[in-house]
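The values are calculated or read from the model by the stated rules, or taken from the named source; none is laboratory data. As the structure is a prediction and not an experimental result, all values here were calculated from the model. Here the Cβ positions follow ideal geometry from the backbone for every residue, glycine too, while neighbour counts run over all protein chains shown.
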């Protein structure tokens, strides 16, 4: 069977590998010059930066992909648990290390918030119970047809804590502002607000803390490189700088793709790893789908975006570990500005990935590669990045100097930023979002675009904008879901 995959992000690569392993003829068409999508890399003057994800969770899903393709993950990737998992800096000078060792973490909590030491453990047990209720029912379930819904356990469904918010559940559990901020931050993993998203997303701390967070030796882009290498071994053909004009549809069936160059490629199956909203709104011919359906796709609320600042500095900051977070004073105000006012927060929480801490060759000797990320609103008329990009970057640098990174501005040798506008221009993500669809309503996490089109036969969707969600493991799982539906509806 001849398959065309639109986009060489992690979802497209995963689907290409799985289908090629089944003996199909697979071609991947990518508008940019390399694979990986938002999982990418930037190198300059001896500094190396991963520009996408910085932590790997649920590696068993990647391990499953390699196994399904007749390969061994360990021959492609070397995973390392990080300790501490992350270091947190609070505005009042308090520091909290979240260690892989739960007893070490509990000792940290005893020193900064003894009143919450027991609550920390009980909350992780609650998070684990959410995972047990949602994993098979939602994450590993295509949720496409009656067959899938029939397998849902309704008692589990009503036990997923969807009727309150992450923030309210956390506030009712903890007394300390330190632990409240700590647990509210996990919703940013899928680009949502803890003050709007359902408490179901409290499952995320279980995935990172109980199951473990990992670093990939050499950098997270090694995952994309490994998938690309595996795909090539399986005979997948890659076409770069090959932007898609439209999906060719005949008699409500996808029969191929047309490139912007005018070339048409016939296909028996089309898999879109382009953003689902972009695919439905702009890649499908108007006659093939109702205007109402297109408008519905456009109305999907995107996740938040991000402002990225990559700094190569000729200095090591001893207080920084691999993952670091500097919390803002007023967390609720920060999210209100991002999601309601759709402007950049004036007092942002700042994340720094300092991979040279674990991978010294990512920066010259006695230097650091600081990947800095601040949550940002998706693109709107409320904020003009052409006018604000440099100024906001300068603001972040000053704030980090205030947080203890002394004379940072004097030690910068490489500086590059990525804005929501860049995310849209390069990856055509919905309004420049990073994580696809937001989860800022009770059941939105379960109402993402499915992995098969209901209107057009032989058209499938993968990637972070589709079910089951964003982040490395869920994106890979979207490909497994698509493969299951391809087999079901062949």
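The number of residues in the range 153-179 being more than 25 Å from the chain's Cα centre (by Cα) and modelled with pLDDT under 85 comes to 6. Here residue 97 meets the list (1) over 30 Å from residue 230 (Cβ atoms); (2) out of contact with any helix residue (DSSP H, G or I) (no Cβ under 8 Å at 6 or more places or on another chain); (3) part of a strand (DSSP E or B) almost entirely, failing just condition (2). Within the set 42, 123, 49, 60, the sole residue that is under 20 Å from the mean Cα position of the chain (by Cα), over 26 Å from residue 405 (Cα atoms) and at pLDDT 95 or above turns out to be 60.
The one condition from (1) assigned by TED's automatic domain parsing to the domain that holds residue 245; (2) surrounded by 20 or more Cβ atoms within 10 Å (Cβ to Cβ); (3) touching a strand residue (DSSP E or B) at 6+ places or on another chain (Cβ under 8 Å) that residue 24 does not meet is (2). Considered as a group, the residues in the range 69-94 that are surrounded by 15 or more Cβ atoms within 10 Å (Cβ to Cβ) and not in a loop (DSSP other than H, G, I, E, B) include one that is farthest from the chain's Cα centre (by Cα), and that residue is 89.
With respect to being within 26 Å of residue 433 (Cβ to Cβ), under 27 Å from the mean Cα position of the chain (by Cα), modelled with pLDDT of 95 or more and not assigned by TED's automatic domain parsing to the domain that holds residue 71, residue 198 falls outside the description. Out of all the residues in the range 119-140, which are within 24 Å of residue 448 (Cβ to Cβ) and without any contact (Cβ under 8 Å) to a residue 40 or more places away in the chain? Of everything in the range 119-140, those that are within 24 Å of residue 448 (Cβ to Cβ) and without any contact (Cβ under 8 Å) to a residue 40 or more places away in the chain turn out to be 129, 132, 133, 135, 136, 137. Scan the range 446-462 and tell me whether some residue there is farther than 17 Å from residue 283 by Cβ and in a helix (DSSP H, G or I). Yes; the residues of the range 446-462 include at least one that is farther than 17 Å from residue 283 by Cβ and in a helix (DSSP H, G or I).
The set of residues in the range 384-424 that are surrounded by 21 or more Cβ atoms within 10 Å (Cβ to Cβ) and either without any contact (Cβ under 8 Å) to a residue 40 or more places away in the chain or within 17 Å of residue 339 (Cα to Cα) (or both) comprises 419, 420.
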